[in-house]
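Encoded as structure tokens, the structure appears first; notes follow it.
The values are calculated or read from the model by the stated rules, or taken from the named source; none is laboratory data. Since we're looking at a predicted model, the values are computed, not measured. Here the Cβ positions follow ideal geometry from the backbone for every residue, glycine too, while neighbour counts run over all protein chains shown. Note: accessible area is taken over every heavy atom of the protein model, side chains too, but ligands, DNA and RNA are not part of it. Shrake-Rupley method; radii C 1.70, N 1.55, O 1.52, S 1.80 Å.
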Amino acid sequence: MKIHIKNGRLIDPKNGVDDIQDLFISKGKILAIGSAPDEFQANRVIDAQSLIVCPGLVDLSVRLREPGLEYKATLESEMNAAVAGGVTSIACPPDTDPPLDEPGLVEMLKHRAKSLNQAHVYPIGALTQGLRGERLTEMAELNDAGCVVFGQPDGLLVNLRILMQAMRYASTFGFSVWLRPQDISLTSDGVAHDGEVATRLGLPTVPVCAETVAISNIILLTKETGVRVHLCRISSAEGLAMIRNAKQQGLPMTCDVTINHLHLSDMDIGFFDSNCHLMPPLRSSSDRDALRYGLLDGTIDAICSDHAPVDEDAKLLPFGQSEVGATGVELLLPLALKWGQEMRWPLAKVLAKITSEPAGILGIEAGHLSVGSAADICIFDPDQYWKVTASAISSQGKNTPFMGMELPGKIKLTLVNGQIVYEN
């Protein structure tokens, strides 16, 4: 299909483009920008007057719940949610049931995702078998099956020797290791930030040192092994300062933050709102503010949704017993725009944090609008507000702390490989 997108404000952070430009698509690729190629006849013309045309978004943490957890969500429902949110490339954590620790499981997931012909799915391979932290997976075989990076999503391994071996193995093959910096031994049964709110509500806590102790160990092991490390879902000012220092030392380290932690603090738990039961927990308002500024100075490289659809019954339980997680893939763009507006940051720089920069961390050819590249495109109205309601969300999970809020940024069209996969 040949498509002509005209009159739109084209923003491509990676290539430094921010201008009113036409875009021409043919055979799933971007054929030209600006002027139409000779003899180009479009099958469809899209008028993007007053709209933003940007690369399809890249989300570094989207739980698709398959295999094994289909009662929470299905691959089809969450892929629909992704493209409805303008997300065209997804990194899928390995904490499925069973975990993504066998090539056959990875190949099955890739095949199922490809058959739906929507967003691109990039599985994160399990670092250890069963994610138990005892034996390493066959990373080379998992890479051949389609895993682009390897991670341990539920906190740092108790056995640091195993972690060091995993990092050395990954370094040998040039793989990147993704870790959520949380010391499990310091977390115990904690469900909220160690502060006044948890004390008042009588909730067991997760101290900031659970994050900083883990970051300290990861930094030391990174120096020892030289592996590329990505720290997932930073939550504290102290942890951020340690990462900033490590980067200044030249360590090959990147990190991300969730949209939830950019906007919320432990005060938002209110009277036991289980939609705010997240991990890492929502921390103090000063931690939240430090994260917001950490994006500005480049310490934090990317924003992710940390999308985790949960069935309604699991969220209706008391706060401490409710299941962790919030749906968010459809809120990634609106909440990033909201942060950008509040920080008075240029739109192109905001979009970089959810397009080109996460693509670079993931090591994929995405997040830009270069001629010859795949036509993965998001078209949205930055000035149109919409209300977050259960009916407005395509995800099977309706669990979000932002329910009922009015947010900027309405997705109009999403294209993947030059095909329109979502239109509003």
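Summarising the label geometry, the points placed 7 Å from Cα in the beta-carbon direction at Ser185 and Ser35 lie 6.8 nm from one another.
Expressed as cubic angstrom per residue, what is the convex hull volume of the alpha carbon set of segment 283-327?
For segment 283-327, the hull spanned by Cα atoms encloses 83 Å³ per residue.
Among the protein heavy atoms, those of Asp297 account for about 90 Å² of accessible surface (1.4 Å probe, every chain in place). Assuming charge only on the beta carbon of Lys and Arg (+1) and of Asp and Glu (-1), the dipole of the chain about its Cα centre is about 640 debye to the nearest 20. The share of accessible area on segment 2-69 that comes from carbon and sulfur is 41 percent, using a 1.4 angstrom probe. The residue list Ala390, Ile420, Ile379 was ranked by how far each Cα lies along the charge dipole of segment 357-424 toward its positive end, using unit charges on Cβ atoms, and Ala390 comes out on top. Given the -39500 (n - 2.57) contribution per DSSP H run of 4+ residues, what per-residue ellipticity at 222 nm results for the chain, rounded to the nearest 500 deg cm²/dmol? Theoretical 222 nm ellipticity from helices: -9000 deg cm²/dmol. Summing charges over neighbours of Ile411, with a neighbour being any other residue whose Cβ is under 14 Å away from its Cβ, gives -4 when K and R count +1 and D and E count -1.
When the listed pairs Lys110/Lys349; Lys27/Lys349; Lys29/Lys114; Lys27/Lys114; Lys6/Lys114; Lys315/Lys412 are checked against a 20 Å cut-off, the alpha-carbon distance exceeds it for Lys110/Lys349; Lys27/Lys349; Lys6/Lys114; Lys315/Lys412. Taking the longest Cα principal axis of the chain as reference, the axis of helix 209-225 is set at about 70 degrees. Estimated from the Cβ-Cβ distance and a Förster radius of 25 angstrom, the FRET efficiency linking Asp289 and Ile364 is about 0.20.
Taking amide H as placed 1.01 Å from N in the peptide plane, Asp183 has its amide H under 5 Å from the amide H of Leu156, Glu211, Ala214, each at least 5 places away in sequence or on another chain.
Counting each pair of different Cα atoms once, what's the Kirkwood radius of segment 142-267 in Å, rounded to one decimal?
Numbers: mean 1/r = 0.0650 Å⁻¹.
Evaluated over segment 142-267, this radius sits at 15.4 Å.
Applying 1/(1 + (r/R0)^6) with R0 = 41 Å to the Cβ-Cβ distance of Phe271 and Val158, what FRET efficiency is obtained, to the nearest 0.05? Using R0 = 41 Å, I get an efficiency of 0.75. Can you give the percent of C-alpha pairs in segment 152-225 whose distance is more than 18 Å? Cα-Cα pairs in segment 152-225 separated by more than 18 Å: 44 percent. Normalised per residue, the accessible area of segment 93-138 is 48 Å², obtained with a 1.4 Å probe and no contribution from ligands, DNA or RNA. First check a/c for segment 74-208, with a ≥ b ≥ c the square roots of the eigenvalues of its C-alpha gyration tensor; if it is under 1.5, answer rounded, and if not, answer prolate when a/b is larger than b/c or oblate otherwise. Because a/c hits 1.5 or more and a/b fails to exceed b/c, segment 74-208 counts as oblate.
Each residue of the chain gets 128 Å³ once the volume of the Cα convex hull is shared out per residue. Normalised size of segment 274-424, defined as Cα radius of gyration per 2.2 N^0.38 Å with N residues, equals 1.11. Could you tell me how many degrees, from 0 to 90 and to the nearest 10, lie between the Cα long axis of helix 332-343 and the main elongation axis, the longest principal axis, of the Cα atoms of the chain? Compared with the principal axis, the helix lies near 80 degrees.
Local charge for Ser394 was computed over the other residues whose Cβ lies under 12 Å away, with Lys and Arg +1 and Asp and Glu -1, and equals -2.
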